[in-house]
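Take a look at the structure set out below.
The values are calculated or read from the model by the stated rules, or taken from the named source; none is laboratory data. Treat the numbers as computed from the prediction; the structure is a model and nothing was measured. Cβ sites come from the backbone with ideal geometry, for glycine too, and all protein chains shown count toward neighbours. Side chains included, ligands, DNA and RNA excluded: accessible areas come from the protein's heavy atoms. Shrake-Rupley method; radii C 1.70, N 1.55, O 1.52, S 1.80 Å.
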Amino acid sequence: NSITKQFMKYVKKETINKIKNILSKEIIGKIKEVRENALISCFSKNNDSILMWSHYAKNHTGICIEYEKPLNDMYDVSYEDSLNSFELYNLIQRCLADLLMKNDTDINDKTLLDIATKPFITKSKVWEYENELRYITSYKNIDEQDVVEKDNIYMFMPTKIRKVYLGCNISKENELVIKELCNEYDIECYKFKIDKDNYSLVAENSNK
């Protein structure tokens, strides 16, 4: 690795040996720890998929929330025919280069997450219609304001809500409550309807 060679001459021999020892003994455990502590939230770039409204919004009775896209920790999902895995050799090379550039001996979770993130963001091509984005963080980034339950963690999005879309089969009661909240917080609200001529959804302004 050219990056590694470039920095090797600036690091003492005993430091290199220490780094190599850390890599050989701890990197697999670290990767496992990062993967076990990863928290993943799934989003889509599409708001009008009939399939997703059927699957994820209880047959069009739910809502879709549009957020401003966070600048960090948001990854596009790639759709492939084969299962994804990362090359351990390449991973160790990149970790070593990172350590040498920082003149450090500690492999941090962020470095490993950035390097080993691809398995988190790869799916079969049969799901390509979802056009998915994933927000990836870890348990260590949970704030006091986040709600932690037995099987779920509800994290506050780091960005604002831009729009809310109501399903075409939403109940009148839920529709009124959500419209009131959107008006209170000055959020654009739309309601989807089934297009009369095509198998598609059409959003109509529903704030008033």
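Within the stretch 186-199, the residues that satisfy the criterion of being part of a loop (DSSP other than H, G, I, E, B) and within 19 Å of N47 (Cβ to Cβ) are I187, D195, N198, Y199. Exactly one residue among Y129, Y154, Y190, Y139 is touching a helix residue (DSSP H, G or I) at 6+ places or on another chain (Cβ under 6 Å) and open to solvent by 40 Å² or more (accessible area, probe 1.4 Å), and that residue is Y139.
Go through the stretch 40-51 and give me each residue that's more than 21 Å from Y154 (Cα to Cα) and in contact with a helix residue (DSSP H, G or I) (Cβ under 8 Å, 6 or more places away or on another chain). Listed by number, the residues that qualify are N46, S49, L51.
Is it the case that the stretch 48-69 has a residue that's out of contact with any strand residue (DSSP E or B) (no Cβ under 9 Å at 6 or more places or on another chain), among the charged types (D, E, K, R) and not in a strand (DSSP E or B)? Yes, because at least one residue in the stretch 48-69 is out of contact with any strand residue (DSSP E or B) (no Cβ under 9 Å at 6 or more places or on another chain), among the charged types (D, E, K, R) and not in a strand (DSSP E or B).
The set of residues in the stretch 169-185 that are part of a loop (DSSP other than H, G, I, E, B) and out of contact with any Ser or Thr (no Cβ under 9 Å at 6 or more places or on another chain) contains only Y185. Against the test of being under 14 Å from the mean Cα position of the chain (by Cα), of a type in the set (A, V, I, L, M, F, W, C), modelled with pLDDT under 85 and over 13 Å from V77 (Cβ atoms), the options M101, M155 yield a single qualifying residue, M155.
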